[in-house]
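Remarks on the structure that follows.
Bear in mind these aren't lab numbers, they're just calculated from the coordinates by the rules spelled out. Since the model is a prediction, treat every value here as computed from it, not as a measurement. When we count neighbours, we look across all protein chains shown, and the Cβ atoms used for this are built from the backbone with ideal geometry, even at glycine.
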Amino acid sequence: MIGYGFMGRAHSNAWRQVRSFFDVPYEPVLKVICGRNESQVSKVAEHFGWQEHSTRWEEVVERPDVDVVDVCSTGHTHAPIVLAAAGARKILFCEKPLANSLSEAEEMLAAAEKNGCLHMICHNYRRAPAVSLAHELINAGEIGTIYHYRATYLQEWLHNPDSPTRWRLDKSLAGSGALGDLFSHSTDLARYLVGEITEVVSLLNTFVHQRPILDSTEMAHVDVDDAALSLVRFQNRSIGSIEATRYATGRKNFNRFEINGSKGSVSFNLERMNELELYVDEGSNSGFRTIQATDRAHPYLSGWWPPGHIIGYEHTFTHTVLELLHAIAEERLPTPNFVDGVKNQRVLDAVEHSAASRTWEAVPS
Ligand SMILES: NC(=O)c1ccc[n+]([C@@H]2O[C@H](COP(=O)([O-])OP(=O)(O)OC[C@H]3O[C@@H](n4cnc5c(N)ncnc54)[C@H](O)[C@@H]3O)[C@@H](O)[C@H]2O)c1
């Protein structure tokens, strides 16, 4: 695994946890974790039970005793690591957004296909049980024909202008700001739950253009968006809106969507991730009801605790890794995969073009 930061810890936990709670076709072995700083990566390796650590991903991806390369590092490293790992014919598991640009993402998909690699992108929110349940209900026609998708992904962590710069505010490292970080998740859920997005009209905004550099008197220029906002049209004629920001004071990780159909609606908010709000039109006494998605029969819950003994954010990664292990055993592509990653990146690319042109932009299919 490459990267031991926020996501590196979530993925380490998922690889360990999946074998303890689920019947897995393969028992993952935590072979080698890779970072840039020897003393830090050695501590993380010991803490999470990795057998070895390294500071050279170029060597790690070539190792014959490594089957899966799990890319949890900063955006600008995804493409070079995945391209090298594809060349070594590894199974590819990569964090979102797939790359920092559409052309990089397309190159990564082409390399995976050319080398016959299994590939998966980590859009973990699909695997919150309440979201998987929403998917099942929509596919079963419970809410009818979909009219609206309304998504907001709201965080507040950048609203203080004195907060120092970091890699996420540097386009050369992150590709974009709230767009690739948060909007990409809402786009993935839109594609998963509603269908392909065909057209967008968007704006991107940066509120604070200079930020202090940590432990320095110098300032750094911010060249990514702080907020992204779009109207979207879907192939199936439904319409939607997606808003992502890191300046929504008071909001921590308010990843919410509401979908309205001809027979009913569903609504979800990650901050209450065990619950799905469902409305089915049953006449004058009907209204939204809350389903606590923790029964054994709900997606993924057979592996966990008795009903009502809720699960959390980290378990969405465990479920994602479970899908990858089953796909490997069944010799099929997991979902979502790099094809989804490229389609997602086409939407992000169209958003950037629309924000620049101030007009509707088509999303290539
Ligand atoms: N799926 C999700 O919900 C989710 C949430 C947060 C982040 N992410 C994604 O995960 C990735 C990492 O984000 P993060 O928040 O963990 O960042 P982070 O800053 O916490 O960690 C980044 C890690 O990358 C490592 N790294 C950078 N360059 C490297 C190199 N050349 N060799 C080895 N290691 C290197 C750093 O040492 C660090 O450990 C990003 O792509 C981000 O978009 C996904």
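If you filter the range 75-102 down to residues that are free of Cβ contacts under 8 Å to residues at least 40 places away in the same chain and part of a loop (DSSP other than H, G, I, E, B), you find that the one that is farthest from the ligand (Cβ to nearest atom) is R89. Identify, please: which residue in the range 164-191 is in contact with a strand residue (DSSP E or B) (Cβ under 7 Å, 6 or more places away or on another chain) and not in a helix (DSSP H, G or I) and is, among those, surrounded by the most Cβ atoms within 10 Å (Cβ to Cβ)? So, considering only residues that are in contact with a strand residue (DSSP E or B) (Cβ under 7 Å, 6 or more places away or on another chain) and not in a helix (DSSP H, G or I), the one surrounded by the most Cβ atoms within 10 Å (Cβ to Cβ) is T165. Taken over the range 156-195, the criterion of being farther than 23 Å from H76 by Cα and either among the hydroxyl-bearing types (S, T, Y) or in contact (Cβ under 8 Å) with a residue 24 or more places away in the chain (or both) is satisfied by E156, H159, P161, D162, L189, A190, R191, Y192, L193, V194, G195. One residue stands out in the range 234-255 among those that are charged (D, E, K, R) and crowded, with 18+ Cβ neighbours inside 10 Å: the one that is farthest from A134 (Cα to Cα), namely R246.
In the set (1) in contact with a Lys or Arg (Cβ under 7 Å, 6 or more places away or on another chain); (2) more than 11 Å from the ligand (Cβ to nearest atom), D181 fails one condition alone, (2).
Within the range 1-27, which residues are within 13 Å of the ligand (Cβ to nearest atom) and part of a loop (DSSP other than H, G, I, E, B)?
M1, G3, Y4, G5
In the range 47-65, the condition of being in contact with a helix residue (DSSP H, G or I) (Cβ under 7 Å, 6 or more places away or on another chain), in a loop (DSSP other than H, G, I, E, B) and among the acidic types (D, E) is met by no residue.
For the range 260-365, the strands (runs of 3 or more DSSP E) that sit wholly inside it and include 2 or more residues that are in contact (Cβ under 8 Å) with a residue 60 or more places away in the chain are 264-269, 275-280.
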